[in-house]
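Have a look at the structure below, then the notes.
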Amino acid sequence: MSRPLLRMQRQILGISAQIMKGRKSHLQSDLESRFGAAEFSEWAEEQGEQLAEFGLTRSGWVQLRKKMFEARKVRSVKPKDGICGLAEIRASEGGYEIYYASFLNQESRMTDRRFAVAHELAHTYFFNPEIPGVPLSPYQKRFGVDPDLEELVNKLAVTILVPRRLIIKYLRMFDGSGKEGIIELASIPKLAEHFRVPGRLMARRLVHDLGGKKCAVFMCEPDKSAQSGSWRIRWSAVPGVTSEERKAMEGLKIPRSMIPCGTTGRSEQAAIDGRWRKILEPPVYGKRRRPLRCESDREQIDGWCAVADEEVIVGFDV
């Protein structure tokens, strides 16, 4: 293995415990105590890899198999109309039932369906093991959306679909630059395809979770519905944003002048158009955000890019 890849592997193995050293919620601290874990992130990595073993395929990706659900007392996984969100979990007869939105059965939504179901499967770890459906911690909300809990559930769900041990193995295969300090943006589409997960999920896994980078990552493509030559954001992976904020970014039209140039198939450090930061700025009450097409206040910021045939991935620190 090359020296840059050895450094990358050591970084991935050692950085997980550092990622969660910031301010912890009361919920996370309480759950760590109940799980007997020093750090939630490392506990999630271990639990995810253990469960993923039941679904590991010969080609090296994780299939959501019956044994995985049986291990977590999930009796059935079915499509259903009219559910809230993409999927939900319900306690039933000493176990659980998982329902996902019927439209996720479309082939084009396969990766979204896999993550939605894995998310609900991860929820089983946060219920009382003796009484299904009862929250494990008193700091969990019993009704409504619990942002702190959902963040932890997402962290566990992604370790199930993309176990750390496997991602290290396949980074060697899909490594694009071999240079220290370069974020492997070019690897994201190939890894996402291999593991059957959404691109934004792989970006969070590779850059945020395992890389320990606090970066905004955007996948862009030409806007075929426009005649102005503009581009659009297909997906985004930005730390600290809500799902509503993420959805507001995706589909946003981007002037062609904001798209960096680079060597096809390579991850490179690049000077990024400063207007990318404006996408992350919250709207000011009573004022309209300056259009991205305005170049009067254009500046350059340090970042990374990866260019494909008709796709460009842009990343920069936030």
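The values are calculated or read from the model by the stated rules, or taken from the named source; none is laboratory data. Everything numeric here is computed off the predicted structure, so don't read it as measured data. Glycine also receives a Cβ, built like all others from the backbone with ideal geometry; neighbour counts cover every protein chain displayed. The accessibility values were calculated without ligands, DNA or RNA, using every heavy atom of the protein model including side chains. Shrake-Rupley method; radii C 1.70, N 1.55, O 1.52, S 1.80 Å.
General remarks:
- Every listed requirement among (1) modelled with pLDDT of 85 or more; (2) under 23 Å from T159 (Cβ atoms); (3) among the acidic types (D, E) is met by E184 save one, (1).
- Residue that is least open to solvent (accessible area, probe 1.4 Å) [pool: residues in the stretch 226-256 that are touching a Lys or Arg at 6+ places or on another chain (Cβ under 9 Å) and polar (S, T, N, Q)]: S236
- In this structure, R34 does satisfy being at pLDDT 95 or above, closer than 22 Å to N154 by Cβ, open to solvent by 60 Å² or more (accessible area, probe 1.4 Å) and basic (K, R).
- Cross-chain or 6+ apart pairs with Cβ under 8 Å, the stretch 46-62 first and under 17 Å from H119 (Cβ atoms) and among the β-branched types (V, I, T), then assigned to a helix (DSSP H, G or I) and modelled with pLDDT of 95 or more: V62/A52; V62/G55; V62/I160; V62/L161; V62/F195
- Residues located in the stretch 123-148, provided they are part of a helix (DSSP H, G or I) and either free of Cβ contacts under 8 Å to residues at least 40 places away in the same chain or surrounded by fewer than 21 Cβ atoms within 10 Å (Cβ to Cβ) (or both): H123, Y125, F126, P147, D148
- Single residue of the stretch 200-236 satisfying the filter (in contact with a strand residue (DSSP E or B) (Cβ under 6 Å, 6 or more places away or on another chain) and basic (K, R)) that is nearest to P163 (Cα to Cα): R204
- Conditions (1) modelled with pLDDT under 85; (2) farther than 20 Å from W61 by Cβ; (3) of a type in the set (D, E): number failed by D148: (1)
- Qualifying residue in the stretch 98-106 (condition: in contact (Cβ under 8 Å) with a residue 40 or more places away in the chain and either open to solvent by less than 40 Å² (accessible area, probe 1.4 Å) or in a strand (DSSP E or B) (or both)): no
- Subset of the stretch 210-225 [out of contact with any Lys or Arg (no Cβ under 7 Å at 6 or more places or on another chain), open to solvent by 10 Å² or more (accessible area, probe 1.4 Å) and in contact (Cβ under 8 Å) with a residue 12 or more places away in the chain]: G211, G212, K213, K214, P222
- Considering the stretch 21-31, and only residues there that are in contact with a Ser or Thr (Cβ under 9 Å, 6 or more places away or on another chain) and surrounded by fewer than 18 Cβ atoms within 10 Å (Cβ to Cβ), the residue that is modelled with the highest pLDDT turns out to be D30.
- Condition check for V77 on (1) open to solvent by 30 Å² or more (accessible area, probe 1.4 Å); (2) in a strand (DSSP E or B); (3) farther than 21 Å from Q50 by Cα: one failure, at (3).
- Filter result for V207 (β-branched (V, I, T), in contact with a helix residue (DSSP H, G or I) (Cβ under 9 Å, 6 or more places away or on another chain) and part of a helix (DSSP H, G or I)): yes
- In this structure, R109 qualifies as out of contact with any Cys (no Cβ under 7 Å at 6 or more places or on another chain), part of a helix (DSSP H, G or I) and farther than 22 Å from F54 by Cβ.
- Tallying residues that are closer than 23 Å to G211 by Cα and either touching a residue at least 60 places away in the same chain (Cβ under 8 Å) or not in a loop (DSSP other than H, G, I, E, B) (or both) within the stretch 250-278 yields 11.
- Of all residues in the stretch 59-74 being at pLDDT 95 or above, open to solvent by 50 Å² or more (accessible area, probe 1.4 Å) and not in a helix (DSSP H, G or I), the one that is farthest from V197 (Cα to Cα): K73
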